[in-house]
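Here's the structure we're looking at; comments come further down.
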Amino acid sequence: MTDQHAGLPPIELTPKDLSAWRQGNRGVDYVHTFDSGRPGPHVIVNALTHGNEFCGMIAVTHLLEQGIRPLRGRLTLVFANVEAYHRFDAAKPFESRFVERDFNRVWDADTLEGPDATVDVQRARALRHIYAEADALLDIHSTSYAVPAMLIHEPVDKMAPLARHLHSPLHHVLLPGVKHPGRPLIQYGAFSDPRATPVALVVECGQHFAATSGAIAIGVTMRFLDFFGMIPAALAAQHPPVQGRPLRYEVTDVLVAKTDRFRFTQSFVGFEDLPGNTLIANDGDEEIRTPEEGCTLIMPARRILQGRDVVSFARRLQ
Ligand SMILES: [Zn+2]
């Protein structure tokens with residue numbers, strides 16, 4: 001494992017005590033469902049898929065503390081990988097992404113129904129029936145480096161109206177098919193079936209520990225709830241999208257570190273537009289270069305682990 005260009009960012013967001021929210025009403029800790037008693041979708045706002053990504057926790061605790069209840073359908077609020085969250089150490093803030101296994105790379109039947117006994121996979125098993133109920137899932141994340149916030153979803157027709165309504169953040173990254181080593185939550189079950197109606201997307205709200213990431217997470221969450229008619233229009237109006245035309249990208253490849261000697265050649269942070277055949281990393285004895293047509297780098301990893309994804313290549317769409 002290596003830490004790319006170490007040097008810790010300021011820690012403006014810190015963990016809150018979530019003990020008041022441990023006891024939920026679904027028989028699973030840190031899960032709360034609010035039923036409006038009226039017809040409508042079941043919408044889930046999911047925080048802490050990664051334990052050190054606090055902006056989702058900021059958004060979900062905001063909803064809980066403000067007592068926001070759905071006007072229609074059901075609203076479920078989830079703190080996902082709480083075990084990892086509880087291990088946060090400000091001296092090593094990048095090490096509590098997960099405990100033993102990335103909670104966001106386990107959403108296939110082989111893993112969920114297999115022998116893996118890590119706490120992260122056990123938590124996924126405890127939550128899977130909740131996610132399977134969702135008509136819509138907002139999975140809130142943040143990035144290692146300070147790059148613009150982005151929406152990430154599959155390029156399927158059913159996602160387009162929601163992405164248009166959210167509008168901002170103004171970077172929209174389309175992720176066609178499962179390219180990561182291990183299936184992400186937004187590609188679990190019906191979410192990635194283009195013929196099924198459930199929708200799921202990730203919002204990456206900016207740097208993990210930046211105060212702005214918490215504010216972006218709250219704004220996107222409010223517009224997400226507004227899309228489904230779950231909050232009063234006046235409340236939604238307090239969280240308008242950023243003005244501007246979204247930039248759209250499509251992921252073409254997700255690179256995985258084959259060795260424990262993977263090293264980037266420069267201090268990439270993400271959204272670098274690179275010409276074709278640019279040397280970006282060495283992985284043991286292998287040179288890693290951009291594709292002939294060039295690409296944009298998306299989310300280079302700060303902690304590099306053999307066998308895990310380290311950066312995505314994307315192409316800019318019109
Ligand atoms: Zn994340």
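Looking only at the range 192-209, count every residue that is away from the ligand (no atom under 16 Å from the Cβ) and either part of a helix (DSSP H, G or I) or closer than 16 Å to Phe54 by Cβ (or both) and tell me the total.
Here the count works out to 1.
What's the number of the only condition in (1) more than 16 Å from the ligand (Cβ to nearest atom); (2) open to solvent by 30 Å² or more (accessible area, probe 1.4 Å); (3) closer than 13 Å to Leu138 by Cβ that His167 fails to meet?
With (1) more than 16 Å from the ligand (Cβ to nearest atom); (2) open to solvent by 30 Å² or more (accessible area, probe 1.4 Å); (3) closer than 13 Å to Leu138 by Cβ applied to His167, the lone miss is (3).
Return the residues of the range 13-51 that are open to solvent by 10 Å² or more (accessible area, probe 1.4 Å), of a type in the set (S, T, N, Q) and touching a residue at least 24 places away in the same chain (Cβ under 8 Å); say none if nothing qualifies.
Those that are open to solvent by 10 Å² or more (accessible area, probe 1.4 Å), of a type in the set (S, T, N, Q) and touching a residue at least 24 places away in the same chain (Cβ under 8 Å): Thr14, Thr33, Ser36.
For (1) among the acidic types (Asp, Glu); (2) within 17 Å of His208 (Cα to Cα), each residue gets a yes or a no:
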| residue | (1), (2) |
| --- | --- |
| Gln66 | no, no |
| Ala80 | no, yes |
| Tyr85 | no, yes |
| Ser96 | no, yes |
| Glu113 | yes, no |
| Arg125 | no, no |
| Glu133 | yes, no |
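Sort through Arg38, Arg26 and tell me the only one that's assigned to a loop (DSSP other than H, G, I, E, B), touching a strand residue (DSSP E or B) at 6+ places or on another chain (Cβ under 8 Å), at pLDDT 95 or above and not hydrophobic (A, V, I, L, M, F, W, C).
Arg26
Residues of the range 238-279 being of a type in the set (S, T, N, Q) and either outside any strand (DSSP E or B) or more than 27 Å from Pro169 (Cβ to Cβ) (or both), which ones?
Hits for the range 238-279 are Gln238, Gln243, Thr259, Thr265, Gln266, Ser267, Asn277, Thr278.
What pairs come out if I take residues in the range 143-155 that are away from the ligand (no atom under 12 Å from the Cβ) and pair them with residues that are open to solvent by 30 Å² or more (accessible area, probe 1.4 Å) and charged (D, E, K, R) whose C-beta lies under 6 Å away, six or more apart or interchain?
Filtered contacts from the range 143-155: no entries.
Which one of these is over 21 Å from the mean Cα position of the chain (by Cα), in contact (Cβ under 8 Å) with a residue 24 or more places away in the chain, outside the structural domain of Val156 (by TED's automatic domain parsing) and crowded, with 16+ Cβ neighbours inside 10 Å: Phe313, Phe262, Phe271?
Matching residue, one of Phe313, Phe262, Phe271: Phe262.
Could you please give the count of residues in the range 170-191 that are over 24 Å from Leu13 (Cβ atoms), over 14 Å from the mean Cα position of the chain (by Cα) and more than 14 Å from the ligand (Cβ to nearest atom)?
Residues meeting the conditions: 8.
The values are calculated or read from the model by the stated rules, or taken from the named source; none is laboratory data. Treat the numbers as computed from the prediction; the structure is a model and nothing was measured. FYI the Cβ positions are ideal-geometry reconstructions off the backbone, even for glycines, and counts take in every protein chain you see. Please note that ligands, DNA and RNA were not included when accessible areas were found on the heavy atoms of the full protein model with its side chains. Shrake-Rupley method; radii C 1.70, N 1.55, O 1.52, S 1.80 Å.
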